Structures are given as structure tokens and as C-alpha cells.
Amino acid sequence: MFSLSDLRETKVYQEALEEGREEGEEKGRKEGKEEKSRQIALKMLSAGFSIPEIARFTDLSPDAIEQLQRQNAHDV
């Protein structure tokens, strides 16, 4: 029977650990990019840009921008 320390030394365990780490890093990068796009969209809204213009520059959907606009109106 394998002990926990034996399992940690196996190639399968190490590969699974690395894959999980890479997936976590990728998810974090994606979430960071999405948050930055939302911040930029809010600044563009306050500067008077149209929703189609904002969508073009941020890659956010018009629906997502409208939702940000509604949320921002409630927060003010």
C-alpha cells in the first residue's frame, strides 16, 4: 500500500499537480484580464463612449457593458 509521501513522489502525482497548477494560473490570468476589461469599460462609459465602441475595444459583450452600467448607476 502506498503512503501519502510515496504517492507524492510518483510521476502521475507530479504531472497531475503540475497540470492543476497550470490550470489555476491560466484561470487567474483570464479572470484578471476580464476584470481589467470591466474597469476600462467603466472608465469609457464615464467618458461618454458608446456601448458598441466599448465592446469593440474591450471584447466585452454589449449586454455585459449594459450590466456594468446598471451596477455602476446603483453604486453611485
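Taken one residue at a time, the phi angles of segment 66-74 give Karplus couplings (6.51, -1.76, 1.60, θ = phi - 60°) of 4, 5, 4, 4, 5, 4, 5, 5, 6 Hz. Gly and Pro are set to x.
GLU35 sits among other residues whose Cβ lies under 14 Å from its own Cβ, and their net charge, with Lys and Arg +1 and Asp and Glu -1, is +4.
When only Cα pairs below 8 angstrom with a gap of at least 6 residues are kept, segment 4-75 shows a relative contact order of 23 percent. Positive end of the charge dipole of the chain (Lys, Arg +1 and Asp, Glu -1 on Cβ, about the Cα centre): tell me which of ILE65, TYR13, SER50 has its Cα farthest that way. Positive-most Cα among the choices belongs to SER50. Count Lys and Arg as plus one, Asp and Glu as minus one, and take only other residues whose Cβ is under 15 Å from that of PHE49; the net charge is then 0. If you wrap segment 4-75 in the convex hull of its Cα atoms and look at it from every side, the mean projected area works out to 7.0 nm². Among SER50, SER3, SER37, the order by Cβ neighbours within 10 angstrom, fewest to most, reads SER3, SER50, SER37.
Each value in this text was obtained by applying a stated rule to the coordinates, not by laboratory testing. The structure presented is a predicted model; accordingly, all values stated were derived computationally and were not measured. Using ideal geometry, Cβ is built from the backbone for each residue, glycine included, and neighbour counts are taken over all protein chains shown.
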